[in-house]
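Student: One structure, pasted below without further comment.
Derivation of every value follows stated rules applied to the coordinates shown; laboratory data play no part. What you are looking at is a predicted structure, and each value in this text was computed from that prediction instead of being measured. Note that we place each Cβ from the backbone using ideal geometry, even for glycine, and neighbour counts take in every protein chain shown.
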Amino acid sequence: MKILVIGATGTIGGAVADALAARNGRDGAHDILRAGRRSGPLRVDLTDTPSIDALLEATGPLDAIVCCAASGAMTPLTEPSDTEFWTGLDGKLIGQVNLVRRSLTHVRDGGSLTLTSGRFAEPVPGSSLGHLVNAGLDAFVHAAAVELPRGVRLNAVSPGWVRETLTTLGMDPAPGTPVADLARVYVNAVEGTSNGSTFTPPSTPSQPSR
Ligand SMILES: NC(=O)c1ccc[n+]([C@@H]2O[C@H](COP(=O)([O-])OP(=O)(O)OC[C@H]3O[C@@H](n4cnc5c(N)ncnc54)[C@H](OP(=O)(O)O)[C@@H]3O)[C@@H](O)[C@H]2O)c1
């Protein structure tokens with residue numbers, strides 16, 4: 001399969017690209033195209049729809065797209081700046097919805113799109129926008145899957161804390177899901193037959209507030 005991984009310069013996207021690259025599908029090894037926002041040969045900013053179109057033009061037809069990209073901090077309700085507050089919604093929710101819309105003519109018959117949402121165990125201060133974004137993505141995937149043409153599938157992966165991220169943040173890594181385990185969930189979404197599902201890997205209770 002020819003698979004585009006967006007956010008491949010990140011913690012999750014890098015591991016997903018590596019895991020997919022190590023697989024041998026029915027037709028041999030997958031061909032992995034790695035896209036980042038600020039580095040790498042393929043670049044895209046999900047907040048900028050023309051850059052999504054330019055990326056898809058550059059890749060040509062694809063069998064699968066996996067998006068592990070996000071931008072914007074999870075911001076408290078008290079944040080006075082509209083721009084600051086809505087960046088998370090724009091980059092993660094609207095960006096991935098636009099990616100699905102723009103990808104429909106680029107993904108081959110029977111191909112797949114896999115997005116990334118996230119989960120919190122419970123509301124914590126500053127997480128309301130994150131809850132909105134993640135719930136919106138899961139709901140979108142569930143409903144939009146029935147609208148996709150030509151047998152194209154749409155799913156989401158909803159991680160909790162990732163162990164490597166906890167380490168980077170200087171927190172106790174023990175409760176986090178190792179990123180390699182999480183990457184296998186994405187691989188299953190790409191190589192499986194599910195449509196309209198959100199996959200929740202075994203993990204800890206909360207997602208970073210960012
Ligand atoms: N890590 C966790 O513990 C965890 C838990 C739950 C959910 N998640 C979710 O999983 C996703 C990936 O997390 P991560 O930890 O892998 O993040 P990360 O290490 O910060 O990587 C983010 C990736 O997304 C790219 N990116 C950021 N904004 C973008 C934009 N507007 N357009 C295109 N690409 C963009 C980054 O590129 P640049 O480096 O060039 O900016 C990078 O490749 C996020 O949606 C996050 O909310 C993560």
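Student: Do we find that Asn155 is in a helix (DSSP H, G or I) and within 22 Å of Val16 (Cβ to Cβ) in this structure?
Tutor: It is false that Asn155 is in a helix (DSSP H, G or I) and within 22 Å of Val16 (Cβ to Cβ).
Student: A follow-up question, please. If the requirement is being in contact with an Asp or Glu (Cβ under 9 Å, 6 or more places away or on another chain), within 13 Å of the ligand (Cβ to nearest atom) and touching a residue at least 24 places away in the same chain (Cβ under 8 Å), which of these qualifies: Leu89, Leu46?
Tutor: Testing whether each residue is in contact with an Asp or Glu (Cβ under 9 Å, 6 or more places away or on another chain), within 13 Å of the ligand (Cβ to nearest atom) and touching a residue at least 24 places away in the same chain (Cβ under 8 Å) leaves just Leu46.
Student: Could you list all residues from region 49-69 that are within 14 Å of the ligand (Cβ to nearest atom) and small (Gly, Ala, Ser)?
Tutor: Selection gives Ser51, Ala54, Ala69.
Student: Which residues, counting only those in region 136-171, are free of Cβ contacts under 8 Å to residues at least 24 places away in the same chain and either within 13 Å of the ligand (Cβ to nearest atom) or at positive phi (or both)?
Tutor: Correct list: Arg163, Leu166, Thr167, Gly170, Met171.
Student: Sticking with this one: Let me confirm something: among Leu129, Leu115, which residue is of a type outside the set (Lys, Arg), under 26 Å from Thr59 (Cα atoms), in contact (Cβ under 8 Å) with a residue 24 or more places away in the chain and surrounded by 14 or more Cβ atoms within 10 Å (Cβ to Cβ)?
Tutor: When all the criteria are applied, what remains is Leu115.
Student: Looking for whichever is within 9 Å of the ligand (Cβ to nearest atom) and touching a residue at least 24 places away in the same chain (Cβ under 8 Å) here; the options are Gly176, Gly196. Which one fits?
Tutor: Of Gly176, Gly196, the one residue that is within 9 Å of the ligand (Cβ to nearest atom) and touching a residue at least 24 places away in the same chain (Cβ under 8 Å) is Gly176.
Student: How many of the residues making up region 104-119 are within 12 Å of the ligand (Cβ to nearest atom) and more than 16 Å from Leu182 (Cβ to Cβ)?
Tutor: 0
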